[in-house]
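J.: Have a look at this one before I ask anything.
Readers should treat all values here as calculations from the given coordinates under stated rules, not as data from a laboratory. Remember, it's a predicted structure, so these values are computed and weren't measured experimentally. Note: ideal-geometry Cβ built from the backbone for every residue, glycine included; neighbour counts use all protein chains shown.
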Amino acid sequence: MPLIDARNVSKVFGDGQGENTTALDDFNLVVVEKEFVSIIGPSGCGKSTFLLLLAGLELVTSGDLLLDGQPVNGPDPGHAIVFQEYLLFPWRTVWKNIEFGPEVRGAPKNKRAEVVSKYIKLVGLEGVEGRYPHELSGGMKQRVAIARALANEPKVILMDEPFGSLDALTRENMQVELLRIWQENRCTVIFVTHSIEEAVFLSDRLVVMGTHPGRVKKIFPIPFPRPRKREIISSADFVALAAGVKGLILEEEK
Amino acid sequence: MKRGNVISPIALFGIWELVGRLELVDPLFLPAPTAILAEAWSLARSGELFIHIGVSLYRVGMGYGMGALVGVSLGILMGWSKRLEEYLDPLIEMIRPISPLALLPLMILWFGMGDGSKVIIIFKASLFPVLLNTIAGVKGVDIKLIQAAQTLGANPGQVFRRVVLPASLPTILTGLRISTALAMLAIVGVEMLAAESGLGYLLVEAEHVFDTPKMFVGLLVLGALGYLWDRLARVAQNRILVWHKETTLEGKI
Ligand SMILES: Nc1ncnc2c1ncn2[C@@H]1O[C@H](COP(=O)(O)OP(=O)(O)O)[C@@H](O)[C@H]1O
Ligand SMILES: [Mg+2]
């Protein structure tokens, strides 16, 4: 059974004054468990909208969006989302931010401590548990956001351009870290990005979306074996695949 | 404090003292600082000063306390419920611009010459900054922060206590601090107009008998009280925000 099953999903936003925007139209995508799927496409094609639907923060206008066979009908700790702006709680320390999910779900204190320290280790935040978000660099904040999402041990983790505001070096570093975390944790990842290289490097499959209205244009399987090293991005196969994706996106933007 | 910060007051008091000693200006208008200190000492020794301070502080404390309590609780409700805000907003905008002192005659008619009418005036003066800041604070909470909490499994009550309250607390505390100054303004006005005790009364009484040093004592004490209260509020603000960062709000507020 697929973990995520989007069938003819459409999402129309009304602005309250009769103006409607069709963000997604007849969107179809099936994702199996433990898969790493990236979504790429021009601005405004509905990538964020799809993630918000999966997160349960928006509801489909028509079509079926199934998670584990059940229609998504609201936020649920089983499908966590990591936003580009991190959205950490500024009044909570790193530790307390990561603890938030287990805490509101009523996990006992010792279990909480166990989970939090596990994910602090996993994302490499040892030593800064007591700091507040404003005392962290962008890369560290994003690690906290990822750990906070993972602390609920979700089946799916949705990431909306999580590395978009990081500098190039930190970004490359975070990509490698994310793959390591995913490999150790093996939850399903839906990853939205603007970077073709990032998408090809990370994913099992790459979904290219088209715009007006937002829909799936083509899905590329990414055959490179895992674990992957950064070096593969300069291999001929990688470059050729990335060029193919780029051609398709450029065609869309014409 | 930087050293430069004390030079100008010292110079001022030095010149002032000189002017007073040499009687360059009639002491009736400008007594020397040492004469003022002597007056303060005698007022303190007789206990008169502390009675006035105590009475003023009691009135300010009651009025401000009520204003803070009502302002924060009503502000949270109004920030949370758009409906309630729409209902109450016209009323608030009607009462808010009225000067607190303008209400004094009516309040005396309603509540008599005792502390009641004065406390109500202080309440009126303190309420609105707290109320408006609380509303703004609650309404200003980033919706995406709330969504982040929801996706992590928080129910509406948990979102409120763990996200909305802490996120709006800095703005609420700012309102609470602004009100301290307004409450001090109002208490002086009220006591000058209609009281037989308190620091405002002390000023008027001094004026009636041309006791200029006493007037200066009143002003000094008011300045010091206002300053101390603001300091205290600032320290509390910093401490609460740290405390707040370090705990979970569970069961609190
Ligand atoms: N809450 C909303 N209300 C109205 N229109 C929206 C809303 N969210 C997104 N849209 C519109 O839907 C389309 C897709 O947006 P989005 O999913 O954010 O695109 P992407 O993330 O791919 O850049 C855009 O045209 C955007 O303006
Ligand atoms: Mg987007």
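J.: For chain B, which span is the longest to avoid every loop-located (per DSSP) member of trypsin sites (Lys or Arg not before Pro) having at most 15 other Cβ atoms inside 10 Å?
T.: B:4-251
J.: Under the rule of -39500 (n - 2.57) per DSSP H run of 4 or more residues, summed and divided by the residues of the protein assembly as shown, what mean residue ellipticity at 222 nm is obtained, to the nearest 500 deg cm²/dmol? Mind showing how you got there, number by number?
T.: On the way: 18 runs with 289 residues, N = 507.
The helix contribution divided over the protein assembly as shown gives -19000 deg cm²/dmol.
J.: Let me ask something else. Considering only lysines 8 or more places apart in sequence, or on different chains, count the pairs in the range A:92-158 whose C-alpha atoms sit under 17 Å apart. Intermediate results must be reported in sequence, preceding the final value.
T.: Details: A:Lys96/A:Lys109; A:Lys96/A:Lys111; A:Lys96/A:Lys118; A:Lys96/A:Lys121; A:Lys96/A:Lys141; A:Lys109/A:Lys118; A:Lys111/A:Lys121; A:Lys121/A:Lys141.
Summing the qualifying lysine pairs gives 8.
J.: Additional query: Quick one: in the range B:49-242, what % of C-alpha pairs are over 30 Å apart?
T.: For the range B:49-242, the share of Cα pairs beyond 30 Å comes to 31 percent.
J.: For the protein assembly as shown, what proportion of DSSP beta bridges, expressed in % and rounded to the nearest 5, is antiparallel?
T.: Percent antiparallel among DSSP bridges in the protein assembly as shown is about 55.
J.: Going by Cα centres, the range A:96-166 and the range B:216-234 are how many Å apart?
T.: Here the answer is 46 Å between Cα centres.
J.: With only Lys, Arg, Asp and Glu charged, each at its Cβ (+1 for the first two, -1 for the last two), find how big the charge dipole of the range A:1-123 is about the Cα centre; round to the nearest 20 debye. Walk me through the intermediate numbers first.
T.: On the way: 12 positive and 15 negative charges, 171 e Å.
The dipole of the range A:1-123 has a size of about 820 debye.
J.: Next up: What spacing in nm lies between the two simple spin-label points modelled at B:Leu18 and B:Ala38, each 7 Å away from Cα in the Cβ direction?
T.: Label-label distance for B:Leu18 and B:Ala38, simple model: 2.2 nm.
J.: Between the range A:1-73 and the range B:135-170, what is the C-alpha centre distance in whole Å?
T.: Going from one Cα centre to the other spans 25 Å.
J.: How far apart, in nm, are two points set 7 Å out from the Cα along the Cα-to-Cβ line at A:Asn173 and at A:His212?
T.: The modelled label-to-label distance comes out at 4.2 nm.
J.: A further question follows. Taking the Cα centre of the protein assembly as shown as origin and charging only Cβ (+1 Lys, Arg; -1 Asp, Glu), how large is the dipole, in debye to the nearest 20?
T.: 1200
J.: Can you divide the C-alpha Rg of the protein assembly as shown by 2.2 N^0.38 Å and report the result to two decimal places?
T.: Taking the Cα Rg and dividing by 2.2 N^0.38 Å, one obtains 1.37.
J.: For A:Leu59 and B:Val25, what is the calculated FRET efficiency with R₀ set at 51 Å and r taken between the beta-carbons, to the nearest 0.05?
T.: 0.05
J.: Need one number: % antiparallel among DSSP beta bridges in chain A, to the nearest 5.
T.: Looking only at bridges with both residues in chain A, the antiparallel portion is about 55 percent.
J.: Find which of B:Ile121, B:Met192, B:Gly153 sits farthest along the positive direction of the dipole of the protein assembly as shown, computed with +1 on the beta-carbon of Lys and Arg, -1 on that of Asp and Glu, about the Cα centre.
T.: B:Gly153
J.: Let's see if you can work this out: charge +1 on each Lys and Arg Cβ, -1 on each Asp and Glu Cβ, no other charges. What is the dipole magnitude of the range B:49-242 about its Cα centre, in debye to the nearest 20?
T.: Computed charge dipole of the range B:49-242: roughly 840 debye.
J.: Also, quick follow-up: Given axes a ≥ b ≥ c from the Cα gyration tensor, I'd like to know whether the range A:140-222 is rounded (a/c under 1.5), prolate (a/b larger than b/c) or oblate.
T.: prolate
J.: Pairs of alpha-carbon atoms within less than 8 angstrom and 6+ residues apart define the contacts here; what relative contact order does chain B have, in percent? Kindly include the intermediate steps, with their values, before the conclusion.
T.: On the way: 265 pairs, mean separation 58.6, N = 253.
It comes to 23 percent, rounded to a whole number.
J.: Then there's this: Across the Cα atoms of the range B:155-225, what radius of gyration and what greatest pairwise Cα-Cα distance (Dmax) are found, in Å?
T.: Cα radius of gyration and Dmax of the range B:155-225 are 19.8, 66 Å respectively.
J.: Please report, for the Cα atoms of chain A, the Rg to one decimal and the Dmax as a whole number; what are they, in angstrom?
T.: 18.3, 56
J.: If R₀ is 25 angstrom, what is the calculated FRET efficiency for the pair A:Asn110 and A:Asn185, using the beta carbon separation as r and rounding to 0.05?
T.: Details: r = 21 Å, r/R0 = 0.86.
Using R0 = 25 Å, I get an efficiency of 0.70.
J.: Report the antiparallel proportion of the DSSP beta bridges in the range A:101-232 as a percent, rounded to a multiple of 5.
T.: Rounded to the nearest five, the antiparallel share is 55 percent.
J.: As I understand it, the value is the acute angle between the Cα axis of helix B:4-21 and the longest principal axis of the Cα atoms of chain B; what does it come to in degrees, rounded to 10?
T.: On a 0 to 90 degree scale, this one is about 30.
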